[in-house]
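The values are calculated or read from the model by the stated rules, or taken from the named source; none is laboratory data. All of these numbers come straight from a predicted model, not from anything done at the bench. So basically every Cβ, Gly included, is an ideal-geometry build from the backbone, and we count neighbours across all protein chains shown.
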Amino acid sequence: MKMLVIDDSKAMRGFLRGLANELEFVSEEAEDGRAALDILIKNDPRDPFDIALVDLNMPRMNGIEFIQFVRRNREYKNVKLMVVTTENSMETVASAIEAGADDLLMKPVTMESLTEKLTILGLVD
């Protein structure tokens with residue numbers, strides 16, 4: 001399994017990648033949506049990402065814009081998109097789901113909460 005971790009916090013990216021590695025995901029990281037798109041576009045289509053963990057508030061391209069781009073492009077239709085955020089307003093949740101997010105995970109993230117969400121999405125047993 002392959003995971004893309006997108007967050008403007010280097011510490012958060014490192015933490016999430018550590019969890020991904022423990023769950024036996026191969027992971028890559030990006031500091032914002034624009035950098036994440038570059039990774040997606042350069043990625044070998046024969047080895048697609050299974051999931052992207054997407055922060056919402058980032059410079060250059062925020063999480064909603066990234067999700068909208070991915071959902072507009074059929075070549076990424078099978079990539080699961082999970083928003084990982086501290087924002088818990090109904091507006092935020094609604095805008096993420098409307099943009100095409102598959103699920104939402106609130107920070108602070110734990111191994112248990114991440115595993116539960118990945119299980120629901122069918123990515124871990």
Check: Considering S95, S113, which residue is without any contact (Cβ under 8 Å) to a residue 12 or more places away in the chain and either out of contact with any helix residue (DSSP H, G or I) (no Cβ under 7 Å at 6 or more places or on another chain) or under 22 Å from M12 (Cβ atoms) (or both)?
Finding: S113
Note to self: Return the residues of segment 55-81 that are under 14 Å from I6 (Cα atoms) and either among the aromatic types (F, W, Y) or touching a Lys or Arg at 6+ places or on another chain (Cβ under 6 Å) (or both); say none if nothing qualifies.
What the structure shows: R60, M61, F66
Check: Consider L37 against the criteria (1) part of a helix (DSSP H, G or I); (2) surrounded by fewer than 17 Cβ atoms within 10 Å (Cβ to Cβ); (3) not aromatic (F, W, Y): it satisfies all of them except one. Which criterion is unmet?
Finding: (2)
Next item on the list: May I ask you to say which residue of R34, R74, R60 is more than 14 Å from D8 (Cα to Cα) and among the basic types (K, R)?
Entry: R74
Next item on the list: Filter segment 1-47 down to residues that are among the aliphatic types (A, V, I, L, M) and closer than 24 Å to D125 by Cα, then give me how many there are.
Entry: 10
Next item on the list: Just give me the residues in segment 75-100 being farther than 19 Å from E29 by Cβ and in a loop (DSSP other than H, G, I, E, B), in sequence order.
Entry: K77, N78, E87, N88, S89, G100
Checklist line | Criterion violated by D44 - all others in (1) out of contact with any Phe, Trp or Tyr (no Cβ under 9 Å at 6 or more places or on another chain); (2) acidic (D, E); (3) without any contact (Cβ under 8 Å) to a residue 60 or more places away in the chain; (4) closer than 21 Å to L114 by Cβ satisfied | finding: (4)
Item checked: From L56, L16, residue being buried (at least 20 other Cβ atoms within 10 Å of the Cβ) and either assigned to a strand (DSSP E or B) or modelled with pLDDT under 95 (or both) -> L56
